[in-house]
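Novice: I have a structure I would like to understand better, so I am pasting it below and will then ask my questions one at a time.
The values are calculated or read from the model by the stated rules, or taken from the named source; none is laboratory data. What you see is a predicted model, and the numbers here were worked out from it, not measured in a lab. Positions of Cβ are generated from backbone atoms using ideal geometry, with glycine treated the same way; all protein chains shown enter the neighbour counts. For accessibility, only protein heavy atoms count, side chains too; no ligands or nucleic acids. Shrake-Rupley method; radii C 1.70, N 1.55, O 1.52, S 1.80 Å.
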Amino acid sequence: MIVVVGALVQPQLGAVLGLEGTLVEVPGVLTGGHRAGVVLDGWPALLPAPRTIPGMAIQPTPQLDRYAAVMGLTVQEVGGMQVMGIGPGPAADHAPIVDRDAIAAEIAVQILQAPSGTEADLLAWRLPMMGIWAGSRLRARASAPSGQGIVPQRPADALRIQRRSKPFLGFFGVERQVLTHALHQGGQTAPMTREAFLSGDAAVMLPWDPVRDRVLVIEQFRMAPALRGDPQPWLLEPVAGRVDAGETPEAAIVREAQEEAGLQVTRLIPAFNAYPSPGALCEFLYHYIGIADLPDGCAGVHGLDSEAEDIRGHLMDRETLSALVDAGTDRQWAAGHPVPVAGRAAGPAAGAGLRGRAGLPLQPGGV
C-alpha cells in the first residue's frame, strides 16, 4: 500500500493509471508542481507544515509502475506513509499551463501505449514531443467538425480500430493501425493497414511590415529534401514551429518569431488552418500574417543552440516573394507551407486591404 498525492490524485490521470483507493490526509504542503506529469522536473515538493494535503491510499498497478519508471517517481517516506507523486528535491519554478491535468493524462496514455520493450529512458527523452502530441489531440477533440456542411457527420462507430502499434519511436513516431471505416454507399471496408507519422500541431507565420511593404523569410537546412536528393536542401520558409504542451498556437508563433528571427510581433492576422498532407502526416498547421517592424539590417542569423538551429533571415519586398511563389522556384512556399503572401492574388489593392485590417492584438499567452 502506498499513498499518491498531487497530480496522481487527479481523476483523469488516475483513470489512465488504474488508480483506485481510499482518501487520506498527508501532513505537509505541496509547492510547485504546475507541470507535474508534463515535464520530468515538474513534480512538486512536499514541505513540512501544520496542515495536510489530500492523498489516496492505493495498491500500485502495473500501469503506475511503468509510468513512474518513465517519470522518475519513487516512493518517499512522509509521516510514516509511503508517498508517491513528489519530486526528489526542491520544486522547479515552472509557470502554470492550461489543461495540465488533461495533457498529463494524454501523455500517460502514450507512455502506456508504447511497445513493452521500449526503454523508460527513451520515453522520458520523448516527453516534450509527447506533450506536443497530447496538446494536438486535445485541440482536435475541441475543434468543430470539418467539411463546411458538405461532408456529413459520421457516427462514432464509422471508424473501427482493430489493432494499433508503434513500430517506430524516436523524436517523432509512427503509428500503425488495422482498421475499417464506413463506406459512402453503406457498409464497412474490409480490414486495412494504415500508418501515419506522429508530428503534432505547428504554427506558421509570414512576418510583414505594412509600412515598408516588405516581408522576412528564413533559410535553414532541411533533412527531408536532403533525403529526397534535392540539390538545394536549404529552403526559404516562413517562421514556424511546434505548439508546445500547454501553449496556444498564437503564443507558439510569437515565441518562434523571437527564436528564429529575433522579431517582436505586434499583431497577428489569422489566415487559415489545415492539414498539409493528411494521407500520412499527423500535422495540423495554424497560419498567420505577423505584423512586425522590419527595418534595414534586421535580418540576421538566429536559432536555439539547444536545438542545433542555424537560421538566416532574408528581407525582401512583398512583390519579390510573390514572384518567387508564382515562378515555382520557392518549393516550400509553393507547397509545404502555403501561408498566403499578403496581397499576392490581387496586387497592391489587396495589400492595402490587409493594411486596413487591425488583426489580433497580442496578450500574454496568446491573443
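Novice: Can you order the peptides 7-13, 18-24, 251-257, 227-233 by their average number of other Cβ atoms within 10 Å per residue, highest first?
Specialist: 251-257, 7-13, 18-24, 227-233
Novice: When only Cα pairs under 8 Å and 6 or more residues apart are kept, what is the percent relative contact order across region 11-147?
Specialist: 29 percent
Novice: Then there's this: Show the residues, 5+ positions off or on another chain, whose built amide H is closer than 5 Å to the amide H of VAL83.
Specialist: Under 5 Å from the amide H of VAL83 lie the amide H atoms of VAL3, GLN76, GLU77, VAL78, each far enough along the sequence or on another chain.
Novice: Diagonalise the Cα gyration tensor of region 88-140 and give the resulting equivalent ellipsoid semi-axes, square root of 5 times each eigenvalue, largest first, whole Å.
Specialist: 20, 17, 8
Novice: Of the listed peptides 36-43, 137-144, what is their order by residue-averaged count of other C-beta atoms within 10 Å, with the highest listed first?
Specialist: Averaged packing, sorted descending, gives the order 36-43, 137-144.
Novice: Read phi for every residue in region 209-226 and hand back ³J(HN,Hα) as whole Hz from Karplus 6.51 cos²θ - 1.76 cosθ + 1.60, θ = phi - 60°, with x for Gly and Pro.
Specialist: So the J values, rounded to whole Hz, are 9, x, 6, 8, 6, 10, 10, 10, 10, 10, 10, 7, 5, 10, 5, 4, x, 5.
Novice: Right, next: Search the structure for amide H atoms under 5 Å from the amide H of VAL26, placed 1.01 Å from N in the peptide plane, and list their residues when 5 or more places away or on another chain.
Specialist: Amide H to amide H, under 5 Å and 5 or more residues apart or across chains, VAL26 pairs with ILE53, GLY55.
Novice: Check which residues have an amide H placed less than 5 Å from LEU236's amide H, if you skip close sequence neighbours.
Specialist: Those qualifying (amide H under 5 Å, at least 5 residues apart or on another chain) are GLN332.
Novice: From the residues MET130, LEU159, LEU304, which one has its Cα farthest along the dipole of the chain in the positive direction, the dipole being from +1 and -1 charges on Cβ of Lys/Arg and Asp/Glu about the Cα centre?
Specialist: Highest projection toward the positive end goes to LEU159.
Novice: Quick one: if you take sqrt(5λ) for each eigenvalue of the C-alpha gyration tensor of region 118-229, what semi-axes come out, biggest first, whole angstrom?
Specialist: After scaling each eigenvalue by five and taking roots: 33, 25, 15 Å.
Novice: For the chain, what is the convex hull (Cα atoms) projected area averaged across all directions, in square nanometres?
Specialist: 22.7 nm²
Novice: Once phi is turned into ³J(HN,Hα) by the Karplus curve 6.51 cos²θ - 1.76 cosθ + 1.60 with θ = phi - 60°, what whole-Hz value does each residue of region 17-33 show in order, with x for glycine and proline?
Specialist: 8, x, 8, 9, x, 10, 5, 9, 10, 10, x, x, 9, 7, 10, x, x
Novice: Out of all DSSP beta bridges with both ends in the chain, state the antiparallel percent to the nearest 5.
Specialist: That works out to approximately 85 percent antiparallel.
Novice: Let me ask something else. For the ranges 122-130, 53-61, what's the packing order if you count other beta-carbon atoms within 10 Å of each residue, average per peptide, and put the highest first?
Specialist: 122-130, 53-61
Novice: Also, quick follow-up: If you roll a 1.4 Å probe over the heavy atoms of the protein chains, what accessible area per residue do you get for the chain, in Å²?
Specialist: Dividing the accessible area of the chain by its residue count gives 51 Å².
Novice: I'd like the Karplus ³J(HN,Hα) series for region 292-309: coefficients 6.51, -1.76, 1.60, θ = phi - 60°, whole numbers in Hz, and an x wherever there's a Gly or Pro.
Specialist: 8, 7, 10, x, 4, x, 7, 7, x, 9, 9, x, 8, 4, 5, 10, 6, 8
Novice: Okay, next question. On a 0 to 90° scale, report how tilted helix 100-113 is relative to the longest principal axis of the chain, with both axes built from alpha carbons and the result rounded to the nearest 10.
Specialist: Tilt relative to the chain: about 80 degrees.
Novice: Which translational diffusion coefficient, to the nearest whole µm²/s, is obtained for region 60-167 from the Stokes-Einstein equation, given a Kirkwood hydrodynamic radius over C-alpha pairs, 37 °C and 0.692 mPa s?
Specialist: Rounded, D is 193 µm²/s.
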